[in-house]
Amino acid sequence: MPVASADALARVRTLADDVVCLHVPPHFGGVGAFYLRFDQVEDEDVVAALR
């Protein structure tokens with residue numbers, strides 16, 4: 001993953017054999033702060049993608 005909080009990274013590591021994270025900032029407020037464009041995805045779009 002490109003970026004994650006230390007807590008989230010620790011939880012993901014218990015679920016996978018290997019995890020690569022490019023950036024673990026000391027103060028993680030939200031993932032959207034690390035992207036120039038981080039648009040919201042509508043529920044219908046997610047459901048359609050999962051189909």
Meets criteria (touching a Phe, Trp or Tyr at 6+ places or on another chain (Cβ under 9 Å), of a type in the set (Val, Ile, Thr), surrounded by 10 or more Cβ atoms within 10 Å (Cβ to Cβ) and at pLDDT 95 or above) for Val3 = yes
ask   = So how many residues does region 9-45 have that are surrounded by 12 or more Cβ atoms within 10 Å (Cβ to Cβ) and either touching a residue at least 12 places away in the same chain (Cβ under 8 Å) or at positive phi (or both)?
value = 8
Of residues in region 18-35 being aliphatic (A, V, I, L, M) and modelled with pLDDT under 95, the one nearest to Val3 (Cα to Cα) = Val31
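The values are calculated or read from the model by the stated rules, or taken from the named source; none is laboratory data. Worth saying up front: this structure is predicted, and the values here are computed from it rather than measured. Quick reminder, even Gly has a Cβ in these numbers, built from the backbone with ideal geometry, and neighbours come from all protein chains shown.
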